[in-house]
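Student: Following this message is one structure expressed as structure tokens.
The values are calculated or read from the model by the stated rules, or taken from the named source; none is laboratory data. The structure displayed is predicted, hence computed values, not measured ones. No Cβ is skipped: glycine too gets one built from the backbone with ideal geometry, and neighbour counts run over all protein chains shown.
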């Protein structure tokens, strides 16, 4: 194993430990931010694309384990609200006041602004209409 591969493995392991500690809290968002920061640092450091492909395969396997296999055997890893937040983008109008609130608000904001936007002082009320 080369020295570079060893460094990559150690940095990914350190980041995975930190993300796992945060995930146990359960704070899925901060754990995801740690993962994105780690990927950005690896990208800036010039890690080969094959390493990113391997990490992507590991993430896909872990996501399958956490989201599909673990609940099937009776040991759900994610809380109910976390599952709802992760899947709310599939049908944002299903629960517009709870888990998909932010998705709906972003659609309203982008839809009302068009290509040029509404400006920093323009606001919308809860119905998506101009409020002043």
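Student: If the Cβ limit is 6 Å and pairs must be 6+ apart or interchain, which residue in segment 49-78 that is at pLDDT below 80 pairs with which residue that is part of a helix (DSSP H, G or I) and surrounded by 11 or more Cβ atoms within 10 Å (Cβ to Cβ)?
Tutor: 77/66; 77/70
Student: Here's a follow-up. Can you tell me how many residues in segment 12-28 are modelled with pLDDT under 85 and exposed (fewer than 11 other Cβ atoms within 10 Å of the Cβ)?
Tutor: 2
Student: A further question follows. Taking the options 99, 88, 106, 93, name whichever one is in contact with a helix residue (DSSP H, G or I) (Cβ under 9 Å, 6 or more places away or on another chain) and either in a helix (DSSP H, G or I) or modelled with pLDDT of 85 or more (or both).
Tutor: Numbers: 99 fails: either in a helix (DSSP H, G or I) or modelled with pLDDT of 85 or more (or both); 106 fails: in contact with a helix residue (DSSP H, G or I) (Cβ under 9 Å, 6 or more places away or on another chain); 93 fails: either in a helix (DSSP H, G or I) or modelled with pLDDT of 85 or more (or both).
On inspection, the qualifying residue turns out to be 88.
Student: On to the next question. How about segment 37-53: which of its residues are loosely packed, with under 11 Cβ neighbours inside 10 Å and in a helix (DSSP H, G or I)?
Tutor: Of the residues in segment 37-53, the ones loosely packed, with under 11 Cβ neighbours inside 10 Å are 40, 44, 46, 49-50, 53.
Residues satisfying the conditions are 40, 44, 49, 50, 53.
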